[in-house]
Ligand SMILES: [Zn+2]
């Protein structure tokens, strides 16, 4: 019914990755840490108390050519929708300023308040609002679903996110 990414037959150039899984995107950060052509942003629970513990802190901003292109936005325990959405908005502002050719979203649903592997407390409506914020980005977007499989509400949360996302995608450009 809808296709988000056209067939790519040429190099994309600069790409942004937004990771909203409740756990810091330590693998992705490590792959792109020294590169300036990929801007990585992760919104996650405080790594002092949540996996992966050794990474995900604000001072990790990238290295060498990648300096300044890694952005970690950790949140305190039990953060709810307002704090989580504010961090996503901050991440999207950074991504918009970077002006990538495409955006990839590591779309974890484990920030959900009922998820036993999370220390955040995001609601179903929070996912809808996140979808709206991310869907307002005006380039190609790839959504890759990640964590959040441990709760019955996963389908509802995914539907809420996609509803907000598609509503923003279909809205006239601001
Ligand atoms: Zn996770």
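Bear in mind that the values in this text are calculations on the coordinates, not laboratory data. Not measured: the values here are computed from a predicted model. All Cβ positions, glycine included, derive from the backbone under ideal geometry; neighbour counts span all protein chains shown.
The gain in end-to-end length when the residue 150 to residue 61 segment is fully stretched comes to 28.9 nm, 0.36 nm per residue minus the alpha carbon separation. Select from 148, 135, 13 the residue whose mean-square fluctuation is largest in a Gaussian network model of the chain (Cα-Cα springs shorter than 10 Å). In this elastic network of the chain, the residue with the biggest mean-square fluctuation among 148, 135, 13 is 13.
Within the listed set 144, 15, 105, the residue fluctuating most in the Gaussian network model of the chain (springs between alpha-carbon atoms under 10 angstrom) is 144. Considering only 106, 118, 30, the mean-square fluctuation computed in a Gaussian network model of the chain, springs between alpha carbons under 10 angstrom, is largest for 30.
Ordering 31, 17 from the fewest to the most neighbouring beta carbons within 10 Å gives 31, 17.
Under the simplified labelling scheme, the residue 163-residue 34 pair shows an inter-label distance of 4.7 nm, with each label point 7 Å from Cα along Cα→Cβ.
Exposure proxy for 23, 59, 44: other Cβ atoms within 10 Å of each Cβ, ordered fewest to most, give 59, 23, 44.
The slack between residue 101 and residue 125, meaning 0.36 nm per residue of separation minus the straight C-alpha distance, is 5.8 nm. Relative contact order of the chain, taken over Cα pairs closer than 8 Å and 6 or more residues apart, is 23 percent.
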